Amino acid sequence: MTAISFTLNGRPVSTDIEPHRNLVELLQRFDLFGSRESCGQGLCGCCTVLVDDKAVSGCLYFAVWVDGKRVATVEHLDADGRLSPVQQAFIDTGAFQCGFCTPGFILMAHQLLKEHPNPSDDDIRHYLSGNLCRCGAYPEIIEAVKLAAKATSKAAA
Amino acid sequence: MIPFEMVEATSLKEALSMLDPQEPAIRPVAGGTALMLMMKAGVFQPTRLICLHRIEPEYARITLGASGELRIGAMASLREVEKDANVAARLPVLHRAMRTLSNVRVRNVARVGGALAHGDPHMDLPPILAALGARISVAGPKGERQLPLEQLYTGYYETVLDRNELITSVLVPPLNGRKAAYMKVTSRTADDWPSLGVAVSFALADGAIRDPIVVVSAATEKVTRMSGVEKVLQSTAPEDAALRRAGDAAADEVQTLSDAHGSAPYKRELLRVYLRRAVRQALNESVH
Ligand SMILES: Cc1cc2nc3c(=O)[nH]c(=O)nc-3n(C[C@H](O)[C@H](O)[C@H](O)COP(=O)(O)OP(=O)(O)OC[C@H]3O[C@@H](n4cnc5c(N)ncnc54)[C@H](O)[C@@H]3O)c2cc1C
Ligand code: FES
Ligand code: FES
């Protein structure tokens, strides 16, 4: 067991964890299920988590490594009771069917919009190429990202 | 994954002292993306991992030397290489390849040292850096040594590194007008593992190719320099017939291997065609 302390969705937390656990398993102990392991191989993005503001695959990230870091999951996006522009855009465009992949896509879309506030289709396809949607909602997901980009730039103006 | 111990080194020297030349179950870990896959598959079961995250920050830097040589620290993340302004301006071939090397999340976490030391012949950085004439700096108990990257690989997942040695940086010479290209041929998505990788670099003098370096990966057991093809290309004008001869020579020179990304005969035909395309792409490239 290793004692770790980190910031989880804005709150300081501490726990003990075995070195062979990954970040998804750690989050489950905090009743956070938005990041979920699917492929377990870094390919699909269902397990996306932000560590120190960078997106990682929770399934391929040792839990002990978050010691001293800031961890954010999809659950932090509506902490103030309001959906983020990206979350709202996914609903408005119907960018999912079963919703299993959605938390990962939403977190990656937030990162994408931070780097490319006004993304082209190519930027979106490239940035999200590591996220898979088995329901095939890709066209709507691209629409959602564009809608969120518009909503964000309007809110900033 | 089965239990093991994770210890954190706070300096390169400490990391080296924690490694054991006789003990394969003790390994350094950089980004952990390759190791975790092997551990999940049960093909690697460590007793102890030596985490390199907290060694001196200089080993994560990307710096430009006075001679134009780029020094990329082994602990730099792949994403840092992708976003580095000097890499983008001076080595467009490397910059462009980073975009299709896996995905953003893996690039955020994986480090250059891990990408070079892993020894999987399907990886993209080794053939590109070998074609650019890069050297690596390796630290061990007896001090630091340098070797050409192309000499790192001895077989499938095998390198010349001792168990108590660490790559500290990769040194990439300036192109100095040389042309370079890398063709990543995938059979599924663009950012998948390649069926074939071909990297070339050469100078161009009076319309003829000079001092070519040609490297093949993914289709072969290890990253392999093709000296036979280089001889065919040397001093020839890169016209269709000459490139066809070089492609045929490439298909004859190496033994291709079958895997999930293509059969050996298929990869041989890919090599024949993509070698020509690599040279053409290098010619069309505007390089600084
Ligand atoms: C979904 C996915 C897709 C991928 N697609 C591609 C792709 O298209 N192209 C591609 O090239 N790669 C691809 N990769 C592989 C990826 O590039 C490697 O997993 C990564 O580069 C390994 O780096 P790491 O820091 O995570 O290594 P680690 O897992 O930490 O280490 C890998 C190996 O290197 C050793 N090591 C690490 N650092 C050093 C050092 N400084 N000195 C000596 N030994 C060291 C470790 O002991 C271990 O044996 C993909 C990976 C994933 C998960
Ligand atoms: S579960 Fe981690 S990327 Fe698929
Ligand atoms: S909505 Fe079902 S997997 Fe994407």
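Here are the numbers for the structure shown:
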| item | result |
| --- | --- |
| Residues of the range B:9-40 that turn out to be within 9 Å of chain A (Cβ to nearest Cβ) and either polar (S, T, N, Q) or over 23 Å from the mean Cα position of the chain (by Cα) (or both), as a count | 2 |
| Residue in the range A:43-52 that is surrounded by fewer than 19 Cβ atoms within 10 Å (Cβ to Cβ) and either free of Cβ contacts under 8 Å to residues at least 40 places away in the same chain or charged (D, E, K, R) (or both) present | yes |
| Hits in the range A:14-47 - residues which are more than 14 Å from chain B (Cβ to nearest Cβ) and closer than 24 Å to residue B:4 by Cα | A:14, A:15, A:27, A:28, A:29, A:30, A:36 |
| All helices (runs of 4 or more DSSP H) inside the range A:8-120 with 3 or more residues being more than 14 Å from the chain's Cα centre (by Cα) and outside the structural domain of residue A:140 (by TED's automatic domain parsing) | A:23-28 |
| Residue in the range A:32-45 that is away from ligand 2 (no atom under 16 Å from the Cβ) and at pLDDT 95 or above present | no |
| Within the range B:41-54, considering residues that are closer than 14 Å to residue A:64 by Cβ and surrounded by fewer than 16 Cβ atoms within 10 Å (Cβ to Cβ), the one nearest to the other protein chains (Cβ to nearest Cβ) | B:53 |
| Residue within the range A:93-106 that is more than 16 Å from ligand 3 (Cβ to nearest atom), surrounded by 16 or more Cβ atoms within 10 Å (Cβ to Cβ) and either of a type in the set (Ser, Thr, Tyr) or at negative phi (or both) present | no |
| Hits in the range A:128-147 - residues which are away from ligand 2 (no atom under 16 Å from the Cβ) and not in a helix (DSSP H, G or I) | A:136, A:137 |
| Conditions (1) basic (Lys, Arg); (2) assigned to a helix (DSSP H, G or I); (3) within 16 Å of ligand 2 (Cβ to nearest atom): number failed by residue A:125 | (3) |
| Hits in the range B:1-41 (condition: over 23 Å from residue B:144 (Cα atoms) and assigned to a helix (DSSP H, G or I)) | B:33, B:34, B:35, B:36, B:37, B:38, B:39, B:40 |
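The values are calculated or read from the model by the stated rules, or taken from the named source; none is laboratory data. Values in this document were obtained by computation on a predicted structure and should not be read as measured data. Virtual Cβ from ideal backbone geometry, glycine too; neighbours counted across all protein chains shown.
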